[in-house]
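Engineer: Below is the structure I would like to discuss, written out as structure tokens.
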Amino acid sequence: MADEIEGVFLILKRDGTIEKITGYGADIPHGMDSFAGLMDHGSQEKASNFLDKIRKNGAAYNWEMNLRNLKTYHFSGFLDSDRIYVVGSPSREDMIKIYHLAEQYIPPAPEIEIPEHAEVEKELFNELTRLNNELSAAQRELLKKNLELQHALEEKEMLLREINHRVKNNLMIISSILNIQSRYVKDRDDLMLFREAQSKARAMAMLHERLYTSGKERRVDFGEYLRGLVRDLYHSFIQDSGRIVLETDIDDAELDINTVVPLALIVNEVFTNAIKHGFPEGRGGIIRVSFKRSDDGYLLEIFDNGVGLPEDFDPMSTSTMGMQLIRSLSEQMNGDLKIESHGGTRVSIEFRDWNH
């Protein structure tokens, strides 16, 4: 087994001085008397911080440092009595294997000697010794489990990133197909339906791309995403950019994916409605998108100074598919939806993030 792995096991004094070093197929620098001395100049301070972390918290997991030969190793270690035990390897899997191999070098906690004139029972000292040994063994087992769990977590994160990447690619394929088919559509209303479907697919594709590139499985920088989304919608639906002006006032905030998905679809629907109905017959104007923190959470507003809603229009009872979708998505995220028509149309939704 040792021939198939690469790494090192070290026993250090509390000050970082090397007492014992065992290599497993590793090209470890020789003649060094300290753990920090094994590292290249750029990693020596990090090595000192690594040992400080172990002395303070009892253990440290998966610190990347460069050896003097510039090879990058992952290091984990723990404190047992007055010794620090460290495992290092280029791969996390080999760290776990080396730890199993090196267990023979990790002594059990020493038995406590009973003073001749002690006034306590011998059984009490024996029990304390037994508990001390069990604690040391549990500490070593915890290190192994943490290394194994960390490896499993990294595999899960890699899988989620791959899923987001594939979903993004599939949605972009759908968007491209809709774009090609729309070239054969002559009716203006039918063409608008194609563009709306295409914009929804692109909005979700952009979202999955952000999850993929950020490396975060649930959190999205919504401010940055929203800026990109409204720019994409603007250029998709507005051919004469001088006629309708886009204004944005968008704060940065990380939101949960369960909050961002309905918000993205609401923005898509409201923005599209503003283009379709707010500025008929070449009318010009402004569409303003605002996203701000409020006292109880966040406030998203989309305003246009177009023709506004009909006088008898009741947004809470209308049966149009677009308005039903907006209401349903707002309820899904427990948002407070308001639709006003004074000098144009203002759609606002006040909400809290999913995990708050």
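The values are calculated or read from the model by the stated rules, or taken from the named source; none is laboratory data. Given the structure is predicted, the values throughout are model-derived calculations rather than measurements. Positions of Cβ are backbone-derived with ideal geometry, glycine not excepted, and every protein chain shown enters the neighbour counts. SASA here: full protein model, heavy atoms, side chains in, ligands and nucleic acids out. Shrake-Rupley method; radii C 1.70, N 1.55, O 1.52, S 1.80 Å.
Engineer: How many residues are farther than 11 Å from Ile302 by Cβ, open to solvent by less than 60 Å² (accessible area, probe 1.4 Å) and either assigned to a loop (DSSP other than H, G, I, E, B) or among the aromatic types (Phe, Trp, Tyr) (or both) when one looks only at the range 237-273?
Structural biologist: Qualifying residue count for the region: 4.
Engineer: Oh, and also: Would you please name the residue that is most open to solvent (accessible area, probe 1.4 Å), looking only at residues in the range 20-53 that are among the small types (Gly, Ala, Ser) and not in a helix (DSSP H, G or I)?
Structural biologist: Restricting to residues being among the small types (Gly, Ala, Ser) and not in a helix (DSSP H, G or I), the top hit is Gly31.
Engineer: List the residue pairs whose Cβ atoms are under 8 Å apart, where the first residue sits in the range 25-49 and is at positive phi, the second is aliphatic (A, V, I, L, M) and buried (at least 19 other Cβ atoms within 10 Å of the Cβ), and the two are 6 or more positions apart or on different chains.
Structural biologist: Note: pairs meeting the criteria are Gly25/Ile5.
Engineer: Considering each residue of the range 274-326, count those that are under 20 Å from Asp336 (Cα atoms) and either in a strand (DSSP E or B) or charged (D, E, K, R) (or both), and give that number.
Structural biologist: 18
Engineer: Can you name every residue in the range 262-284 that is farther than 14 Å from Ile349 by Cβ and touching a helix residue (DSSP H, G or I) at 6+ places or on another chain (Cβ under 7 Å)?
Structural biologist: Across the range 262-284, the qualifying residues are Thr272, Asn273, Ile275, Lys276.
Engineer: Would it be correct to say that Ser290 is touching a residue at least 60 places away in the same chain (Cβ under 8 Å), of a type outside the set (Asp, Glu) and under 29 Å from Asp221 (Cα atoms)?
Structural biologist: no
Engineer: Let me ask something additional. For the range 1-19, how many residues are open to solvent by less than 70 Å² (accessible area, probe 1.4 Å) and outside any helix (DSSP H, G or I)?
Structural biologist: Residues that pass the stated criteria total 11.
Engineer: From (1) more than 17 Å from Ala264 (Cβ to Cβ); (2) at pLDDT below 85; (3) open to solvent by less than 50 Å² (accessible area, probe 1.4 Å), pick out the condition that doesn't hold for Gly322.
Structural biologist: Of everything listed in (1) more than 17 Å from Ala264 (Cβ to Cβ); (2) at pLDDT below 85; (3) open to solvent by less than 50 Å² (accessible area, probe 1.4 Å), Gly322 misses just condition (1).
Engineer: Could you figure out which of (1) at pLDDT 75 or above; (2) surrounded by fewer than 19 Cβ atoms within 10 Å (Cβ to Cβ); (3) under 13 Å from Thr272 (Cα atoms) isn't true of Asp221?
Structural biologist: (3)
Engineer: Taking the condition of being at pLDDT 85 or above, in a loop (DSSP other than H, G, I, E, B) and in contact with a Pro (Cβ under 9 Å, 6 or more places away or on another chain), how many residues in the range 65-109 meet it?
Structural biologist: The qualifying residues number 2.
Engineer: Any residue at all in the range 343-354 that's open to solvent by less than 50 Å² (accessible area, probe 1.4 Å), assigned to a loop (DSSP other than H, G, I, E, B) and either touching a residue at least 40 places away in the same chain (Cβ under 8 Å) or out of contact with any Leu (no Cβ under 7 Å at 6 or more places or on another chain) (or both)?
Structural biologist: Yes, the range 343-354 has at least one match.
Engineer: Related question: Of everything in the range 54-64, what is in a strand (DSSP E or B) and either of a type in the set (Lys, Arg) or on the phi > 0 side of the Ramachandran plot (or both)? Give them in sequence order.
Structural biologist: Asn62 - this is the single residue of the range 54-64 that is in a strand (DSSP E or B) and either of a type in the set (Lys, Arg) or on the phi > 0 side of the Ramachandran plot (or both).
Engineer: If the Cβ limit is 7 Å and pairs must be 6+ apart or interchain, which residue in the range 240-259 that is without any contact (Cβ under 8 Å) to a residue 24 or more places away in the chain and of a type in the set (Phe, Trp, Tyr) pairs with which residue that is open to solvent by less than 70 Å² (accessible area, probe 1.4 Å) and not in a strand (DSSP E or B)?
Structural biologist: none
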